[in-house]
Ligand code: CTP
């Protein structure tokens, strides 16, 4: 069986130059077993041919609400039958229409007429991508659970170079597979009915109105954990300092400082079955932040630091029965013994230790190498691999611990 067999995907193509890459996406989805219905906007038709998609997809390409002799209401029929609506490329125009709920053509009408998940793959020039309006639209859509496959850096139309190029077709198809495939493969729904809280990103501690003390954390590991938990059926809340790149289908709480993260965790953690503290929380913050911009001519700046609260230790001390608490330990020396001491000190069930002095590990990387230590003594080493793979293994350990705690509560 192929990964997407039997899945019905509406492939929306809009009028960006990257529309030619949607041909490759269409072919790959069909090869993976999906039933693909292409819907081309008027803009897309200026870039690519309807016949190309009709030849490669599972059924003829559609281009209008009104020229289908077999159905007077194609958008509702397609919308009701879809497992996913994928828009690639997604122009700034269609992103704005989706945000406002505007029905401007067959594609946007279908998006309004479906309950299926929506995945959009923006592609546009860097200047357009950076517009506050575009970023604000994307933030709102992410908050509503829309899956956004971020663009990449590279060659753009007109010989320009920069951020905004459509993600590679293989990456887009992989994102579709990871969204649709797990249940299809008869697999993991092992967090269904569970609540999972994940924290992600580095906190920013203000010095004055414009400056802060921060760290190198990108939030990728936490976002991968939230994505994996959602794929396994959990209701997920993600407390993050960096909502860009956060997965769809999770509730996002935006925070910036350690204190804000502490408040959000205190509010959310009591209800959670699993708490994963993947954020890089500052251990110190400027004692007194100045609420205006400090000027150069004010002389030598000396900043006094005070410790922040250790959120994980608080959560460990207040841990309800049956909750699984997972911490991270970024170390450079005596990695395992330091991590084991933290596991004990903070009353954790699991700690994920990484040696951040190694190449490709931890902050600012797509990859990670970790040792997962459990309070019951089980130890698992994961060689350098993707942060998605680390997320899967960590949540496997969390599920096992959760089930063990459930069993021992039942026996008690
Ligand atoms: N952590 C936290 N609150 C803090 C600092 C850290 O909740 N103020 C959490 C992190 O999210 C991580 C774990 O504690 O899950 C370990 O963080 P780390 O910085 O490695 O360790 P520390 O406890 O700060 O100890 P040390 O600085 O001695 O290594």
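The values are calculated or read from the model by the stated rules, or taken from the named source; none is laboratory data. The structure presented is a predicted model; accordingly, all values stated were derived computationally and were not measured. Because the Cβ atoms are built from the backbone with ideal geometry, glycine has one as well, and the counts that use them run over all protein chains shown.
Quick notes
- Subset of region 321-335 [more than 9 Å from the ligand (Cβ to nearest atom) and either in a loop (DSSP other than H, G, I, E, B) or modelled with pLDDT of 95 or more (or both)]: 321, 322, 323, 324, 325, 332, 333, 334
- Failed item, numbered, when residue 264 is tested on (1) within 14 Å of the ligand (Cβ to nearest atom); (2) buried (at least 24 other Cβ atoms within 10 Å of the Cβ): (2)
- Filter pass, residue 114 being surrounded by 19 or more Cβ atoms within 10 Å (Cβ to Cβ) and closer than 21 Å to residue 50 by Cβ: no
- Test: residue in region 64-74 that is under 30 Å from residue 156 (Cα atoms) and either in the same structural domain as residue 175 (by TED's automatic domain parsing) or crowded, with 18+ Cβ neighbours inside 10 Å (or both): yes
- Given (1) in a helix (DSSP H, G or I); (2) away from the ligand (no atom under 16 Å from the Cβ); (3) crowded, with 19+ Cβ neighbours inside 10 Å, index of the condition residue 222 fails: (2)
- Complete set of residues in region 267-293 that are surrounded by 11 or more Cβ atoms within 10 Å (Cβ to Cβ), in contact (Cβ under 8 Å) with a residue 60 or more places away in the chain and away from the ligand (no atom under 14 Å from the Cβ): 271, 272, 273, 286, 289, 290
- Just so you know, in region 294-320 the residues that are away from the ligand (no atom under 14 Å from the Cβ) and modelled with pLDDT of 95 or more include one that is nearest to the chain's Cα centre (by Cα), and it is 320.
- Here 340, 397 are screened, and the one residue that is more than 27 Å from the chain's Cα centre (by Cα) and assigned to a helix (DSSP H, G or I) is 340.
- Matching residues in region 343-388 - criterion: being part of a helix (DSSP H, G or I), out of contact with any helix residue (DSSP H, G or I) (no Cβ under 8 Å at 6 or more places or on another chain) and crowded, with 16+ Cβ neighbours inside 10 Å: 343
- Taken over region 126-148, the residue count meeting the criterion of being surrounded by fewer than 19 Cβ atoms within 10 Å (Cβ to Cβ), in a loop (DSSP other than H, G, I, E, B) and modelled with pLDDT under 95 is 2.
Conditions tested, residue by residue: (1) within 23 Å of residue 248 (Cβ to Cβ); (2) touching a strand residue (DSSP E or B) at 6+ places or on another chain (Cβ under 6 Å); (3) free of Cβ contacts under 8 Å to residues at least 24 places away in the same chain; (4) not assigned by TED's automatic domain parsing to the domain that holds residue 244.
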| site | (1), (2), (3), (4) |
| --- | --- |
| 40 | no, yes, no, yes |
| 56 | no, no, no, yes |
| 80 | yes, no, no, yes |
| 84 | yes, yes, no, yes |
| 112 | yes, no, no, yes |
| 120 | yes, yes, no, yes |
| 126 | no, yes, no, yes |
